[in-house]
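Can you read through this structure? Questions will come right after.
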Amino acid sequence: MAAYYPMMVDLTGRRCVVIGGGPVAERKTLGLLEGGAGELIVVAPRVTAKLAELAVSGSIALERREYMESDAAGAFLLFAATGDRRLNGRIAADATRFGALVNTADAGGEGDFATPAVVRRGGLAIALTTGGASPALAALLKRRLAGQFGPAYEACVGRLRLLRELALADIADAALRTAVLGLAAEEAMREAERLSAPREGKDFAALGTIEAIESMESIEQWMSRLRDAAERGR
């Protein structure tokens with residue numbers, strides 16, 4: 001089995017092509033949209049209702065026809081999700097010839113990369129894979145992680161991003177800046193865990209996100225307090 005190198009890829013301006021129109025192709029397409037794919041083309045003579053809806057809204061370009069070799073030309077990522085193992089193999093071979101990275105839905109070993117199960121909370125993305133050994137286990141772990149890392153993490157990660165931008169601009173001392181950001185991460189995680197805890201009779205997921213935004217001090221106040229704490233700890 002191949003060993004995979006995990007990384008996050010910026011798909012801005014990259015051409016991504018999904019061959020297939022069934023449920024698997026739909027999942028691949030939705031994942032690409034969540035990942036920020038800008039130029040996304042789906043090729044299939046028949047597609048799911050959701051893919052048709054995405055085409056109508058302009059989220060994807062849909063070409064209702066059979067696969068052609070030229071579909072692989074110019075693609076950055078190519079997804080072979082037709083349900084036909086032989087055709088998927090042909091698509092993978094074309095991708096290699098044209099220099100595209102290919103994912104084969106029914107035979108991960110024939111492709112260049114695997115698509116992990118992902119839990120997203122704003123800027124936080126937790127990705128996991130079993131390397132094709134058990135997609136079912138990956139799905140189970142994804143559900144567990146989704147419960148563990150609730151919506152409050154989105155607000156907390158957003159605040160950490162703002163704090164880091166402010167710290168980079170205002171704290172010249174690299175050691176002090178690192179200490180401030182470390183304290184911030186610890187505080188943010190504790191707050192997210194607290195806000196994600198179940199509360200009897202309340203929609204704690206929605207409540208957590210609201211409280212995370214409304215009850216916290218301003219970014220400037222937060223950094224000032226953490227800076228004082230970091231300087232005292234020297």
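Here's the yes/no breakdown for (1) under 18 Å from ASP10 (Cβ atoms); (2) modelled with pLDDT of 95 or more:
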{"residue": "GLY35", "(1), (2)": "yes, no"}
{"residue": "ALA44", "(1), (2)": "no, yes"}
{"residue": "VAL47", "(1), (2)": "no, yes"}
{"residue": "ILE60", "(1), (2)": "no, yes"}
{"residue": "MET68", "(1), (2)": "no, yes"}
{"residue": "GLY89", "(1), (2)": "no, no"}
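Next question. Suppose the filter is exposed (fewer than 12 other Cβ atoms within 10 Å of the Cβ), among the charged types (D, E, K, R) and at pLDDT below 95; does ARG194 pass it? Step through it out loud before you land on a result.
On the way: exposed (fewer than 12 other Cβ atoms within 10 Å of the Cβ): no; among the charged types (D, E, K, R): yes; at pLDDT below 95: yes.
No: the conditions fail for ARG194.
Now for a separate question. For region 62-71, give me each residue that is part of a helix (DSSP H, G or I) and buried (at least 17 other Cβ atoms within 10 Å of the Cβ).
Residues of region 62-71 part of a helix (DSSP H, G or I): 69-71.
Of everything in region 62-71, just one residue is part of a helix (DSSP H, G or I) and buried (at least 17 other Cβ atoms within 10 Å of the Cβ), namely ASP71.
Something else now. Can you run down the residue pairs with Cβ atoms below 8 Å, 6 or more apart or on separate chains, where the first is in region 48-61 and in a loop (DSSP other than H, G, I, E, B) and the partner is exposed (fewer than 15 other Cβ atoms within 10 Å of the Cβ) and not polar (S, T, N, Q)?
THR48/PRO23
Among the listed residues LEU183, LEU163, LEU176, LEU168, which satisfies the condition of being assigned to a helix (DSSP H, G or I), more than 19 Å from VAL119 (Cβ to Cβ), touching an Asp or Glu at 6+ places or on another chain (Cβ under 9 Å) and at pLDDT 95 or above?
Numbers: LEU183 fails: touching an Asp or Glu at 6+ places or on another chain (Cβ under 9 Å); LEU163 fails: touching an Asp or Glu at 6+ places or on another chain (Cβ under 9 Å); LEU168 fails: touching an Asp or Glu at 6+ places or on another chain (Cβ under 9 Å).
Just a single option satisfies the conditions, and that option is LEU176.
Quick test of your reading of the structure: VAL157 fulfils all but one of (1) within 15 Å of the chain's Cα centre (by Cα); (2) surrounded by 13 or more Cβ atoms within 10 Å (Cβ to Cβ); (3) within 30 Å of PRO23 (Cα to Cα). Name the failing condition by number.
With respect to (1) within 15 Å of the chain's Cα centre (by Cα); (2) surrounded by 13 or more Cβ atoms within 10 Å (Cβ to Cβ); (3) within 30 Å of PRO23 (Cα to Cα), VAL157 is out only on (3).
Scan region 84-98 residue by residue and report those that are closer than 18 Å to ILE41 by Cα and open to solvent by 60 Å² or more (accessible area, probe 1.4 Å).
Selection gives PHE98 alone.
Same structure again: So, in region 1-44, how many residues would count as being open to solvent by 80 Å² or more (accessible area, probe 1.4 Å) and either out of contact with any strand residue (DSSP E or B) (no Cβ under 8 Å at 6 or more places or on another chain) or free of Cβ contacts under 8 Å to residues at least 40 places away in the same chain (or both)? Can you show your working first?
Step one: of region 1-44, the residues open to solvent by 80 Å² or more (accessible area, probe 1.4 Å) are 1, 3-8, 10, 12, 14, 23, 27, 34, 39.
The next check asks that each one be either out of contact with any strand residue (DSSP E or B) (no Cβ under 8 Å at 6 or more places or on another chain) or free of Cβ contacts under 8 Å to residues at least 40 places away in the same chain (or both); those that pass are 1, 3-5, 7, 10, 12, 23, 27, 39.
Matching residues across region 1-44 total 10.
Applying the selection to region 103-120, what residues are crowded, with 21+ Cβ neighbours inside 10 Å, over 18 Å from the mean Cα position of the chain (by Cα) and within 19 Å of MET8 (Cβ to Cβ)?
Hit for region 103-120 is GLY111, nothing else.
The values are calculated or read from the model by the stated rules, or taken from the named source; none is laboratory data. Here the structure is a predicted model, which means the values were calculated and not measured. No Cβ is skipped: glycine too gets one built from the backbone with ideal geometry, and neighbour counts run over all protein chains shown. For the accessible areas, the whole protein counts, side chains as well, though only heavy atoms, and no ligand, DNA or RNA atoms are used. Shrake-Rupley method; radii C 1.70, N 1.55, O 1.52, S 1.80 Å.
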